[in-house]
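To start, the structure under review is shown below, and the notes come after it.
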Amino acid sequence: MKALSPFNIRTGILLIALCANFADAQDSTKLSNILPNPSFEATEPPPPNAQTAKTGAPADTWIPKTWNVWGAFKCPDDQKQAHSGKRCIYFNTLNGGDAFLRYIPMPIPDPSTWTVKFWARGQGQLKITAHDPPPPERWTVLKEQTYDLQAQWIQFEFKLPPPAGCAKWSCTLQTAGKTEAWIDDVEIGYPGLPALALPPDRKLEKDADTLLYLPFEEAFDDTAYFIKGNVKFSEDGKGKYGKSLIIGVNGLVATSSAGNIETEKGTIEAWFKFLAPGADGVSRSILAVPGQDGMWLGKDQYSHMCFSFSSGWRGFFWCGAQGYAYGWQPDVWRHIAVSWDKDSVELFVDGKLIAWVQNPALAKSMGDELDIGGVGMEIDDLRISKTARYHLPLPPAEKKAP
C-alpha cells in the first residue's frame, strides 16, 4: 500500500473540516422542535368516571402529556396505527362533533417565522389555527389553514410569521367537519431554538455547577438532615431511577439551605409524583425554604404549579400556571425544572415551558432551612444547581415605568 504524503494528509483533514462546517451550516437551518412530547408517547391517565374508577381507563383513552386534547379522540397504544413509535392521536367526528389538540403557551422572542409540521392520514379535513392569547382570555386568530387528508401518511406544513407585538401564541390542530384522522410526529419551532433535553431520559449527574444532588439511593447523613414522621425509601426499582423518597403523614425532610441553593441564579429539577389527585385542594411543596425569607416550588391549594421567592409578606415574583395540575391523577411520575437569573424565571413541567417571568426581582437572602418534598409525595433524582441550565428565548421584556 502506498503511504500517504503529508500533503494528502493535510488535504484530507481540510476536507473533513470543510464537511463538518457545511454540516453545521445545514443544521443552523434545521427546524428546532419546541415540543417535548411530539409523538404522544408519554401519556397519563384521564380523570376517572363511574366505570374507570373501578376498572381503570383503557390504554387508548390515556392523555398525551403536555397537550390539551378534547372531543372524540383516542391515543392508540398500537404501533400499527402510528406513523412512528407506538402511539398517535386518533380523531373520529364522522357522526358529528369536534376534536382538537392544542399546545400553549409558546413565547415569541423575535420576528422569526414559526413552522408547524405534522403527519396525518384518514378522511375529511384538519385545520390549524394560530391564536394570540393575551389575558384575560381574549383569543385573537392570527392565521388558519385547512388540509385534505388521504389514506396514506402525508406530512403537512403550516407557516406563521408572527405579527409585531405578539408575545406568545398557541397552536390548535382540530377536525373540520366530519373527519377521521390519525395524527403523529408534530413539530413546532424555527431554526435556532435551543434543544433543552427535557425531561431527561436518564439519571442526572453531579457536575461542577451542582450544589445539591440527591438520587435517594442511600440513607441520609443524620448529621446533615433532620427527618421526622412517615419518611421512607421505596424498594429498589420502584422509584423513577432505582429508589425514591416517599413522604407520608407528618413527614419532613430538612437540611441547611446554606451552600445548597442560591437566590441570584440557579436551577431546581426533580422527578416527583403526588399520591393524591391534583385537585385535592391541598398545597404540596416539592422544595421549600419556610419562614420570613422564603422560597417555594410546588402545587398550591388551587392546583396552580408555581415557583416564588418572598420576604415576609412581600413576594418578589410569582411564576406559575393557574390550575395546571387540576386534572392530574395520583401515582404518575412527572418532571419539574425551574431556572432563574436576573433576566428571567422559567418553569417547565414534563419538558414544557408552562410559565415565565422576565426581569424578576430576586431575593438577596433566604432562610436557613431547606425542606425536601412534602407530605403525600414521592420524589426522585433531585438536583439543585448554581447556574440557570434551561432557557428558552422569551419576548422582549416590557420596560418598567420610572
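The values are calculated or read from the model by the stated rules, or taken from the named source; none is laboratory data. Keep in mind that what you see is a predicted model, and the values were worked out from it rather than measured. Positions of Cβ are generated from backbone atoms using ideal geometry, with glycine treated the same way; all protein chains shown enter the neighbour counts.
Here 159, 127 are screened, and the one residue that is closer than 15 Å to residue 189 by Cα and of a type outside the set (Asp, Glu) is 159. Condition check: modelled with pLDDT of 95 or more, closer than 22 Å to residue 251 by Cβ and in a strand (DSSP E or B). Does residue 378 satisfy that? Yes, satisfied. The set of residues in segment 211-254 that are assigned to a strand (DSSP E or B), of a type outside the set (A, V, I, L, M, F, W, C) and either under 27 Å from the mean Cα position of the chain (by Cα) or closer than 30 Å to residue 358 by Cα (or both) contains only 213. Scanning segment 290-308 for residues that are farther than 15 Å from residue 364 by Cβ, in contact (Cβ under 8 Å) with a residue 24 or more places away in the chain and hydrophobic (A, V, I, L, M, F, W, C) yields 297, 305, 306, 307.
Scanning for something surrounded by 12 or more Cβ atoms within 10 Å (Cβ to Cβ), out of contact with any helix residue (DSSP H, G or I) (no Cβ under 9 Å at 6 or more places or on another chain) and free of Cβ contacts under 8 Å to residues at least 40 places away in the same chain, does segment 202-212 turn up at least one residue? The answer is no, given that none of the residues of segment 202-212 is surrounded by 12 or more Cβ atoms within 10 Å (Cβ to Cβ), out of contact with any helix residue (DSSP H, G or I) (no Cβ under 9 Å at 6 or more places or on another chain) and free of Cβ contacts under 8 Å to residues at least 40 places away in the same chain.
Would you check which residues across segment 143-158 are farther than 12 Å from residue 181 by Cα and either within 28 Å of the chain's Cα centre (by Cα) or of a type in the set (A, V, I, L, M) (or both) and list them? Break it down stepwise before answering.
Filtering segment 143-158 for residues farther than 12 Å from residue 181 by Cα gives 143-146, 155-158.
Hits for segment 143-158 are 143, 144, 145, 155, 156, 157, 158.
Filtering segment 309-358 to residues that are assigned to a loop (DSSP other than H, G, I, E, B), in contact (Cβ under 8 Å) with a residue 60 or more places away in the chain and over 11 Å from the mean Cα position of the chain (by Cα) leaves 327, 328, 329, 332, 333, 341, 342. Annotation: of all residues in segment 87-120 being of a type in the set (Lys, Arg) and farther than 17 Å from residue 32 by Cβ, the one that is surrounded by the fewest Cβ atoms within 10 Å (Cβ to Cβ) is 102.
Conditions (1) at pLDDT below 95; (2) out of contact with any Lys or Arg (no Cβ under 6 Å at 6 or more places or on another chain); (3) among the aliphatic types (A, V, I, L, M), marked per residue:
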residue: 297; (1), (2), (3): no, yes, yes
residue: 303; (1), (2), (3): no, yes, no
residue: 310; (1), (2), (3): yes, yes, no
residue: 313; (1), (2), (3): yes, yes, no
residue: 348; (1), (2), (3): no, yes, no
residue: 354; (1), (2), (3): no, yes, yes
residue: 402; (1), (2), (3): yes, yes, no
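Here residue 166 passes the criteria (1) part of a strand (DSSP E or B); (2) hydrophobic (A, V, I, L, M, F, W, C); (3) within 23 Å of residue 321 (Cβ to Cβ) except the one numbered (1). Can residue 190 be described as under 21 Å from residue 269 (Cα atoms) and not hydrophobic (A, V, I, L, M, F, W, C)? Spelling it out, it is not the case that residue 190 is under 21 Å from residue 269 (Cα atoms) and not hydrophobic (A, V, I, L, M, F, W, C).
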